[in-house]
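Since every read-out is calculated from the coordinates, none of them should be taken as a lab result. Keep in mind the model is a prediction, meaning the values are calculated, not measured. FYI the Cβ positions are ideal-geometry reconstructions off the backbone, even for glycines, and counts take in every protein chain you see.
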Amino acid sequence: MKSCFFILALGAFLLQPETALAAKKKPVSAKNKIKTSKPVAAPQAASDAAKTETVHDSTFDKFYSRLKISYFGVVTSSNLESWDQSRASISPEWGISDKGNDKNSDTWPVNLWSQLSFNYNFGYKMNFVVNPRWVTMLGSTKRMKEPEDNSFLMLDDVLVGFQGVIWASKDGKFAWWARPGVRLPTSRVNRTNNNRNFGTISHQVDFLNQLTYDFNPTWQVGAYAQARMWVYEQRYNDSRMRYYVSPFITYSVSDDTKIQAYYEVIWENDRNFKSINGKNPLYKDYWQNVMLAVGQQITPKLNIMPYIATYVNDVPLSMRSAWFGAWISYSIK
């Protein structure tokens with residue numbers, strides 16, 4: 001679910017006006033006014049300035065001017081019934097959550113999931129992106145189960161792909177944004193899967209879409225849709241897939257404050273692998289939750305969006321179904 005470095009560049013531009021030289025020229029007689037009235041030095045000065053500009057406009061400057069770097073993070077709390085245990089809230093229908101009072105609590109502690117995004121515009125409709133991701137544990141890691149290594153900082157994966165608005169209506173109200181990508185084999189194999197005979201290296205094809213429609217500057221509706229496929233070494237089939245759909249609505253209180261409501265649905269075939277038992281995948285793992293968030297732009301670069309969410313799989317709803325969290329985004333460049 002939860003589904004960068006700084007690069008510094010220094011440029012200088014130097015302009016030396018010719019006013020002192022012009023002040024030293026002798027007065028021109030009326031006889032020679034016609035001959036000397038045509039400016040001669042101006043084209044040369046413009047040419048020199050252009051040469052100076054070309055020298056400073058290096059290849060790195062051109063590359064850096066097209067590069068955007070941003071950070072995105074998600075903090076996930078414990079469910080509200082087990083608030084004092086510092087165990088991150090998870091889906092009630094999958095994972096290795098315990099039963100009883102510890103249901104909906106992961107063996108991971110409360111954590112901060114982070115993504116650093118390097119976004120390069122090379123002149124086409126879609127930008128090239130590289131997104132390294134990692135998890136920082138904010139609580140005790142003693143309860144974490146294998147294959148987690150009980151580390152404070154854990155690499156999640158690195159996504160490489162393209163993203164951008166691939167279609168928009170003429171009036172600008174409707175837009176289709178897409179990000180096809182591949183998660184590199186740094187991705188850890190999910191601990192909940194019976195991966196016998198699959199191997200230990202996981203390649204992941206990831207196709208994310210976002211559709212939005214603006215009724216007016218205040219109201220917007222939209223939806224996220226994602227398909228994610230796990231490829232274990234040489235097994236290129238749909239033995240493990242995840243589908244994600246999340247319709248949302250946004251109300252802009254002001255230029256700096258927005259209220260958003262989400263409904264998230266995920267379904268995944270987690271343990272029924274066609275390549276092992278010959279049966280079709282069974283999508284029995286199911287996640288549903290609703291979320292209400294308030295986004296506040298603290299500075300032109302920093303935005304924080306705290307939220308409260310609850311699983312709707314749990315019936316009846318209770319404190320065990322709900323949790324808090326926050327999204328943090330910062331534009332580095």
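Taking 18 Å as the limit for the C-alpha separation, the pairs 173/333; 125/333; 258/301 exceed it in the case of 173/333; 125/333.
With 0.36 nm allotted per residue and the present C-alpha distance subtracted, the residue 243-residue 153 stretch has 29.6 nm of extension available.
Apply 1/(1 + (r/R0)^6) to the Cβ-Cβ distance of residue 167 and residue 65, taking R0 = 30 Å, and write down the FRET efficiency to the nearest 0.05.
Numbers: r = 26 Å, r/R0 = 0.88.
Efficiency at R0 = 30 Å is approximately 0.70.
Please work out the C-alpha center-to-center distance from segment 58-76 to segment 293-333 and express it in whole Å. Value for the Cα centre distance between the two parts: 24 Å.
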